[in-house]
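Inspection log for the structure reproduced underneath, given as structure tokens.
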Amino acid sequence: MEWQSPIAPGLSWYQVTLKDRPTYPMLDGSVSADVAIVGGGYTGLQAAYQLAANGVDVVLVDAARFGDGASGRNGGQLGTGQHWWPEEMETKLGQARSHAFFKLAEDAKSHLLDFARAHKIDVDFRPGQLTVAHKRGMEDSYRHHIDALADRYDYPHLSFMSRQETAERLGSERFFCGIRDIGTGHIHPLKLLVGTAKAAAKAGARLFEQTKALNIDRADGRIAVETERGTISAERVLIACNGYIEEHLDPRTAAKIMPIRSFIGATVPVPKSKNVLPGGESVDDSRFVVRYFRKTPTGELLFGGREAYTANDPKDITRHLYRQIAEIYPSLAKIEITHAWGGSVGITLPRHPLVEEIMPGVTSIGGFSGHGLMLSNYCGKLYAEEILGRSQDLDLYRDLDVPAFPGGGPLRKPLLFLALTWFALRDRF
């Protein structure tokens with residue numbers, strides 16, 4: 001029987017097409033370590049690998065199985081840069097800091113692909129991404145963005161797509177113009193997650209699944225992570241729960257990271273005669289409530305996004321996805337969706353990742369706001385390098401002001417419903 005995540009709905013296409021997904025034991029009794037990590041996604045597992053490979057004693061626990069959260073269920077698109085375009089970052093943070101953040105994101109992209117190659121993780125990388133405009137009037141901003149990255153950021157991989165070229169590359173006439181990025185691409189995210197866990201375990205990290213952390217506090221000069229199955233005593237602790245952070249574990253982080261439910265459907269292989277994404281690129285559109293889609297190497301269309309948001313998971317994930325697919329590809333209105341699933345994306349109010357010391361020796365990292373595939377991996381590496389005394393690049397994020405959402409943790413879900421319903425309506429007009 002296929003494993004059903006207890007923290008996210010639906011069986012993902014990634015899970016059912018992955019032949020080898022090892023299980024890891026539950027923690028059984030109390031243990032001691034140099035570093036304890038809570039969260040077995042990209043950030044936690046990458047940090048565990050980097051630390052263990054350098055002789056640090058690491059224990060990592062996750063409440064579910066590795067890959068049950070966003071790291072194993074996301075859209076698989078790498079993207080370029082941070083949430084905000086560099087020219088927008090310049091107005092918010094100044095040109096020097098904007099350049100530093102763009103370089104960090106490019107380093108994150110390179111690190112992900114280099115790590116996969118070094119550890120022989122076949123992540124099904126395919127090049128190319130298309131960003132497309134769902135409304136008129138975006139041509140000038142798209143052209144300005146292309147020029148800014150080429151002229152000021154030494155990134156010559158973007159090109160403008162007219163309405164005709166956009167239609168040809170998508171196989172759809174729904175969009176008005178677009179940007180083609182040949183300096184990035186898309187992958188099978190669960191393959192990367194599983195491969196990272198294997199690398200961490202091989203390096204000597206002690207990994208435990210289905211072991212929920214209940215509390216973090218200081219005791220006898222060390223930090224105690226209390227779980228359902230024992231206590232971990234450590235010198236340092238990394239909280240890497242992202243959109244799955246719970247108030248009982250860390251109310252301060254929970255007040256600053258909003259979990260947004262996103263949903264994806266996988267269709268049967270699209271007939272070549274339909275001419276959908278003939279170049280194999282991934283796509284994201286200009287909506288606030290973004291739609292994102294791509295084809296797998298075997299031809300299935302993976303389509304993500306929803307417009308009807310509630311605090312709970314929908315009973316039927318596919319209903320909205322069918323409608324959205326048909327809006328873009330009318331010829332696929334009756335295509336079969338074989339798998340549908342969801343998960344939580346962690347966002348912050350300013351859409352910058354959160355890196356914060358919540359108490360001495362305890363660091364919380366999350367809130368990647370839709371760019372977690374690259375940035376969460378790299379932040380795990382940077383956390384390890386900081387402990388090893390090799391880098392202080394994580395300070396770029398630590399120095400940012402990431403305030404709590406209005407109302408803090410208790411009002412996150414009601415505000416989520418109101419805000420995203422408003423933005424979904426705005427996207428239509």
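Would you mind telling me which numbered condition in (1) in the same structural domain as ALA47 (by the TED database); (2) surrounded by 18 or more Cβ atoms within 10 Å (Cβ to Cβ) TRP341 fails? Here TRP341 clears every test but (1).
Residue-wise test of (1) touching a His at 6+ places or on another chain (Cβ under 6 Å); (2) of a type in the set (Phe, Trp, Tyr).
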position: PHE160; (1), (2): no, yes
position: THR166; (1), (2): no, no
position: ARG169; (1), (2): no, no
position: ARG174; (1), (2): no, no
position: GLY178; (1), (2): no, no
position: GLY183; (1), (2): yes, no
position: LEU192; (1), (2): no, no
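Right, HIS99: under 19 Å from HIS144 (Cα atoms), of a type outside the set (S, T, N, Q) and not in a loop (DSSP other than H, G, I, E, B) or not? Spelling it out, HIS99 is indeed under 19 Å from HIS144 (Cα atoms), of a type outside the set (S, T, N, Q) and not in a loop (DSSP other than H, G, I, E, B).
Filtering LEU207, LEU192 for residues that are in contact with a Pro (Cβ under 9 Å, 6 or more places away or on another chain) and of a type in the set (A, V, I, L, M) leaves a single hit, LEU207. Only one entry of GLY183, GLY221 meets the criterion of being within 30 Å of PHE125 (Cα to Cα) and either among the small types (Gly, Ala, Ser) or in contact with a strand residue (DSSP E or B) (Cβ under 8 Å, 6 or more places away or on another chain) (or both), and that entry is GLY183.
Give the residues of the range 257-271 that are closer than 23 Å to GLY72 by Cα and not small (Gly, Ala, Ser), sorted by residue number. Result: ILE257, MET258, PRO259, ILE260, ARG261, PHE263, ILE264, THR267, VAL268, PRO269.
Report yes if some residue within the range 81-100 is within 14 Å of the chain's Cα centre (by Cα), at positive phi and buried (at least 21 other Cβ atoms within 10 Å of the Cβ); otherwise report no. Yes - at least one qualifying residue is present in the range 81-100.
Looking only at the range 40-92, filter to residues that are part of a loop (DSSP other than H, G, I, E, B) and of a type in the set (Lys, Arg); which one of those is nearest to PHE263 (Cα to Cα)?
The extreme case among them is ARG73.
Looking only at the range 9-39, residues that are of a type in the set (Gly, Ala, Ser), touching a strand residue (DSSP E or B) at 6+ places or on another chain (Cβ under 6 Å) and surrounded by 23 or more Cβ atoms within 10 Å (Cβ to Cβ) come to 2 in all. With respect to the conditions (1) in contact (Cβ under 8 Å) with a residue 40 or more places away in the chain; (2) among the hydrophobic types (A, V, I, L, M, F, W, C); (3) outside any loop (DSSP other than H, G, I, E, B), LEU349 falls short on a single one, namely (3).
Screening VAL268 with (1) part of a strand (DSSP E or B); (2) surrounded by 15 or more Cβ atoms within 10 Å (Cβ to Cβ) gives one miss only, at (2). The residues in the range 160-190 that are without any contact (Cβ under 8 Å) to a residue 40 or more places away in the chain, under 14 Å from PRO278 (Cα atoms) and buried (at least 21 other Cβ atoms within 10 Å of the Cβ) can be counted, and the count is 1.
The values are calculated or read from the model by the stated rules, or taken from the named source; none is laboratory data. Remember, it's a predicted structure, so these values are computed and weren't measured experimentally. All Cβ positions, even for glycine, are placed from backbone atoms using ideal geometry, and neighbour counts span all protein chains on display.
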